[in-house]
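*Asks:* Right, I'll just put the structure down here and ask away after.
Throughout, read-outs are computed from the coordinates displayed, never taken from laboratory work. The model shown is predicted, which means the values in this text are computed figures rather than measured ones.
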Amino acid sequence: MNRKIVFIVSVVVLLLVFAGGALLYKSEKVQRWGKLIGQNQAVLASLHSPSLGPETAKVHIVEFLDPACETCAAFYPQVKKMMAANPDRIRLSVRHLPLHNGSLEVVKMLEASRKQGKYWPTLEAVLANQSRWVSNHTARPEMVWEVLGGAGLNLEQLRADMNSPDVARNLEQDRSDAKALNVTMTPEYFVNGRPLPDFGLAQLQALVRDALQTAYR
């Protein structure tokens with residue numbers, strides 16, 4: 001009988017030890033996660049990035065985007081749908097990370113379009129017509145000019161602005177921040193500083209949904 005009691009007590013003690021260890025691990029993980037999010041938000045809070053949606057929105061999606069990336073073009077309308085379904089609650093900021101051959105020139109076009117206040121129509125025209133200027137994962141910048149007419153741009157001014165110092169400065173900042181965040185592919189999303197646990201549209205939607213529930217409960 002005494003042995004049985006000792007055995008039961010030992011089992012209970014082990015269970016308590018494991019439970020305590022699990023709680024400690026979870027607590028430490030939450031602390032590390034919170035610190036990581038804080039670090040991410042500091043790097044992501046770039047004032048130079050083009051943003052869509054009110055600054056008062058409590059959910060902030062930051063996307064690292066390559067205009068020649070097919071998945072970027074496919075996901076962009078889905079992000080816009082999430083924003084439309086939650087008016088004034090979501091803000092989108094875009095960071096440029098040209099990884100495909102030839103896409104650097106297209107990114108320069110996008111950056112230069114901001115000087116004319118035409119960034120978002122330019123981005124949407126570029127993404128919607130991506131199949132016309134991307135072939136075998138390689139961008140053909142000379143073909144992009146054909147799709148920019150509908151964006152209301154002064155193309156002569158755009159050509160001049162592409163090589164301006166502030167465009168170069170913005171591109172360097174995006175590259176530097178991408179490196180700090182270990183972003184190596186596009187699209188890459190952060191929602192209120194949190195990266196996707198693994199890539200996918202459902203994962204992005206879930207992360208946005210969780211952020212909305214937390215921010216507006």
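*Asks:* Greater than 24 Å separation of Cα atoms is the criterion. Which listed pairs, 80/179; 58/81; 58/80; 81/108; 58/179, meet it? Walk me through the intermediate numbers first.
*Replies:* Working: 80/179 26 Å; 58/81 17 Å; 58/80 16 Å; 81/108 27 Å; 58/179 26 Å.
Over 24 Å apart, Cα to Cα: 80/179; 81/108; 58/179.
*Asks:* Measuring from the lowest to the highest alpha carbon on each principal axis, how far does region 110-217 reach, largest first, in angstroms?
*Replies:* Its Cα atoms span 48, 30, 30 Å along the three principal axes.
*Asks:* Counting only residues 5 or more places away or on other chains, whose amide H sits under 5 Å from the amide H of residue 60 once H atoms are built in the peptide plane?
*Replies:* Answer set, sorted by chain and number: 91, 192.
*Asks:* For residue 95, which sequence-distant residues (separation of 5 or more, or a different chain) have an amide H within less than 5 Å of its own amide H, given hydrogens modelled in the peptide plane?
*Replies:* 63, 64, 65
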